[in-house]
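Written below as structure tokens is the structure these notes are about.
No value in this document is a laboratory result; all are computed from the given coordinates. Keep in mind the model is a prediction, meaning the values are calculated, not measured. Glycine also receives a Cβ, built like all others from the backbone with ideal geometry; neighbour counts cover every protein chain displayed.
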Amino acid sequence: MRFETNRDVLDWYERQPRALTKEFIGKIVWEDVKKYPLDEKFIPVLLYMRDVETLTDMYYDELRRTPTGKDPVISRFMERWSTEEQTHGELLNRFLNEAGIETGDKWKAQVKKSVSNFYVANTYLLTSLTNLVGKKFTATHMTFGAIHEMSTTQGYRRLIELTKHPVLSEILRAMIREESAHTHFYWSVARLELKNSEFTRKLARFIVKNFWTPVGSGAKPKKESDYTIATLFDGEEGLDWIDKNVSQKLQRLPGFDGLTKVSDKISEIVLSQTSVA
Ligand SMILES: [Fe+2]
Ligand SMILES: [Fe+2]
């Protein structure tokens, strides 16, 4: 599907129904969670993903301070987007609780508190720098968003494959439907913005090439992020998955021809983790 304007992308997005409706959530058979085994090694992965989903809020607050976040089309998208990511975090938390992992009432506050001061200061600085570049930075933001959404989607797909837990799979499949709509929004707006100017394309490619790190790294300790990536994308199959579903899609954006940054970074992390083990 090719759009002519950002508004068309938003109209498309708004026509997509939510996958995680109240009705869907109400029908989840939580009592069944304990009936199926869940390998312990996936617990830190689920906690990491829960936290990243929950921290979307913080990213949203930051982005609202920039010209990207002030754009009426993007801010309208982001309002629904951040609500959906919150639901994802909450469902993952509930799943962990039902599986016997206690997280306590204050888990959300704890997740937000644990983000390092360095990260907060650094993000603040980045936002201020972004404001200097202004509107021209929107394409970069949108490209980052697209990569994050695509890699999250692949993470969930791998989690379904590896855990084979029926209740978790059902939840993740619905989450994936929402992540795919997010990807489509970010990717399509990025494409339109990148088409606009050569400066924008060069800037976006430069920033992704030099500064992209996996979703959640920075806000969460590197150790946790690396563990999650290595657990999900270990082996040739995992890396192929990233190449096919993230890198190749990214390369289709104007100015991103041949960029293998995401695959390179993921394989570097997987290799470093395998050599530790
Ligand atoms: Fe999500
Ligand atoms: Fe998402």
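A few notes on this one:
- Qualifying trypsin sites (Lys or Arg not before Pro) in the range 23-95, DSSP loop, other Cβ atoms within 10 Å at most 11: LYS27
- The stretch between ARG252 and LYS265 holds 2.8 nm of extra length on full extension. This uses 0.36 nm per residue minus the Cα-Cα distance.
- Cross-link check: pairs LYS108/LYS223; LYS112/LYS202; LYS209/LYS249; LYS22/LYS70; LYS135/LYS202; LYS209/LYS244 evaluated at a Cα-Cα cut-off of 24 Å; pairs beyond the cut-off: LYS112/LYS202; LYS22/LYS70.
- Residue-wise HN-Hα couplings along the range 150-165, as the Karplus relation 6.51 cos²θ - 1.76 cosθ + 1.60 with θ = phi - 60° gives them from phi, are 5, 6, 4, 4, 5, x, 5, 4, 5, 4, 4, 4, 7, 8, 6, 9 Hz; Gly and Pro carry x.
- Cut-off of 10 Å, at most 14 other beta carbons, DSSP loop: longest stretch of the chain lacking such GluC sites (Glu not before Pro): 103-277
- Loop trypsin sites (Lys or Arg not before Pro), the range 200-255 (other Cβ atoms within 10 Å of the site Cβ: 15 or fewer; DSSP): ARG252
- Dipole magnitude for the chain: computed about the Cα centre from +1 point charges on Lys and Arg Cβ and -1 point charges on Asp and Glu Cβ, it is near 800 debye.
- Cross-link partners of LYS27 among lysines (Cα-Cα below 19 Å; sequence separation of 8 or more within a chain): LYS35
- ³J(HN,Hα) computed for each position of the range 68-76 - Karplus, 6.51 cos²θ - 1.76 cosθ + 1.60, integer Hz, glycine/proline x: 4, x, 8, 5, x, 5, 5, 5, 5
- Relative contact order, percent, the range 135-202 [alpha-carbon distance under 8 Å, six or more residues apart]: 52 percent
- Dividing the alpha-carbon radius of gyration of the range 22-122 by the rule-of-thumb value 2.2 N^0.38 Å gives 1.26.
- Whether the range 169-240 is rounded, prolate or oblate, judged on the alpha carbon gyration tensor where a/c under 1.5 counts as rounded: oblate
- The range 42-48 - phi-based ³J(HN,Hα) in whole Hz, Karplus 6.51/-1.76/1.60, Gly and Pro as x: 8, 5, x, 5, 5, 5, 4
- The modelled label-to-label distance between ILE101 and ILE43, using points 7 Å beyond Cα along the C-beta direction, is 0.7 nm.
- Rg and Dmax [Cα atoms of the chain; Å; Rg one decimal, Dmax integer]: 18.3, 55
- Mean sequence separation of contacting Cα pairs (under 8 Å, at least six apart), scaled by the length of the chain, corresponds to a relative contact order of 24 percent.
- Potential lengthening between LYS22 and GLU170 on full extension [0.36 nm per residue; Cα-Cα distance subtracted]: 51.8 nm
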